[in-house]
Ligand SMILES: Cc1cc2nc3c(=O)[nH]c(=O)nc-3n(C[C@H](O)[C@H](O)[C@H](O)COP(=O)(O)OP(=O)(O)OC[C@H]3O[C@@H](n4cnc5c(N)ncnc54)[C@H](O)[C@@H]3O)c2cc1C
């Protein structure tokens, strides 16, 4: 009898955990293939620390082949799924076309930056969803500070040291909090011309920061940010973005060279193309994470609309907490569909949230207990170390170094503005220069 073939598309929180669980349960009896554009799992919650120079970029990654020894990694971006022929088409890193045949398919492609129809934003803003964007932002901030230091006129200096973050969810809040500490650290060593201090603005249409989280987390974050001098503006958004600044909907024009777009995410467009029912762009699945009518297809994480059994009629939110746990259930249910064990529904009640505000500060509510200050900071960092599937020692070492050494104000300039456009279906890959790829050849597997 031939071995069953399982293809998992996407190696983020959901896909990585599916692969790991399945590999443990099937013990080498099944061919497990993981299709992902990068050879690493990205621990997204640490990305703001990469942008702020606390962590070196590789710290937030975990090698797929190094930690999933019995899973075959195929590098590529899936761009076509044929549910009848049971195949996944993809493009590899050098432009080669490939096709994978499956007996079971798990779609775990996550989400991409959400766009809003605001003039100029697609051209002048950058998102915050992948490592290239975090690297770009670290360099960009450093460069703006360096250029501000030599700017002749105060207006240019002010514009270069004004950083606007739109969206006060956990991503935007953490980026602004970490960013302010980063630029403060840079000016401490190289003060700017008289009286000018870096200024971070955090905007949201909602009436409070962290609008989707517990009120007490929101109050803590708001207090910490304002104390540090972040200009928090709720019920405010951007009306237009230009090369020289942003026009706010309250009529203010802010001179800036930096617009960071953290208004949220939308499911990866791949799931919209397969012709199955969607819920706000997410692929609808049943509580067993099966796509209805296709017992061989599963979906989980941000890309899937998974019924929230604790809140009937609703779907689980797009968080790493859910994606990670759904990955485990997907792994078990795929194994069960191959005759190994029993399938079970996905059911999880979130046990709290942590928001790292940089330095020793954080806002957290583990098991509903609201924490702030250094205790929350310690809980948050401890949580991340425990949650990461690898690379913990290096992360902890970087935190230690950051506590005792000054931040490195060095821009490598490897990721340029045009290589991280806001409107992309692949925020995990930096766009490369040059003509479309030439070395194209097909790679087909037996179907
Ligand atoms: C900056 C930031 C901070 C966050 N902090 C927190 C936090 O503190 N707590 C929390 O709970 N959540 C947090 N989140 C949200 C959390 O990261 C997501 O909900 C989670 O990553 C979703 O997991 P996923 O597996 O669905 O998607 P992802 O983790 O995004 O993984 C998707 C994977 O699919 C791959 N992929 C995409 N398209 C294709 C394709 N066409 N073909 C092949 N592979 C593809 C991607 O490269 C990626 O590896 C944060 C998000 C961001 C951006």
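The values are calculated or read from the model by the stated rules, or taken from the named source; none is laboratory data. Note that this is a predicted model, so its numbers are computed, not measured. Reconstructed Cβ throughout: ideal geometry from the backbone, glycine too, with neighbour counts over all protein chains shown.
Values as computed for the structure displayed
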| item | result |
| --- | --- |
| Yes/no for residue 263 being within 25 Å of the chain's Cα centre (by Cα), within 15 Å of the ligand (Cβ to nearest atom), within 30 Å of residue 360 (Cβ to Cβ) and touching a residue at least 60 places away in the same chain (Cβ under 8 Å) | yes |
| Residues satisfying the stated conditions in segment 301-323, i.e. more than 24 Å from residue 275 (Cβ to Cβ), in a loop (DSSP other than H, G, I, E, B) and either in contact with a strand residue (DSSP E or B) (Cβ under 9 Å, 6 or more places away or on another chain) or near the ligand (Cβ under 10 Å from one of its atoms) (or both) | 308, 313, 314, 317, 319 |
| From 94, 146, 123, 99, residue being surrounded by fewer than 24 Cβ atoms within 10 Å (Cβ to Cβ) and part of a loop (DSSP other than H, G, I, E, B) | 94 |
| Residue that is farthest from residue 51 (Cα to Cα) [pool: residues in segment 358-390 that are crowded, with 21+ Cβ neighbours inside 10 Å and within 12 Å of the ligand (Cβ to nearest atom)] | 364 |
| Selection from segment 324-359 of residues that are closer than 20 Å to residue 19 by Cβ, in a loop (DSSP other than H, G, I, E, B) and within 25 Å of the chain's Cα centre (by Cα) | 346, 348 |
| Qualifying residue in segment 217-234 (condition: within 16 Å of the ligand (Cβ to nearest atom), assigned by TED's automatic domain parsing to the domain that holds residue 128 and part of a loop (DSSP other than H, G, I, E, B)) | no |
| Residues (within 15 Å of the ligand (Cβ to nearest atom) and buried (at least 23 other Cβ atoms within 10 Å of the Cβ)) located in segment 324-338 | 326, 327, 329, 330, 331 |
| Unmet requirement for residue 116, which otherwise passes all of (1) closer than 30 Å to residue 242 by Cα; (2) in a loop (DSSP other than H, G, I, E, B); (3) within 15 Å of the ligand (Cβ to nearest atom) | (3) |
| Qualifying residue in segment 197-218 (condition: surrounded by fewer than 16 Cβ atoms within 10 Å (Cβ to Cβ) and under 21 Å from residue 52 (Cβ atoms)) | yes |
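Yes or no, residue by residue, for (1) at pLDDT 90 or above; (2) under 30 Å from residue 213 (Cα atoms):
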site	(1), (2)
385	yes, yes
388	yes, yes
421	no, yes
433	no, no
440	no, no
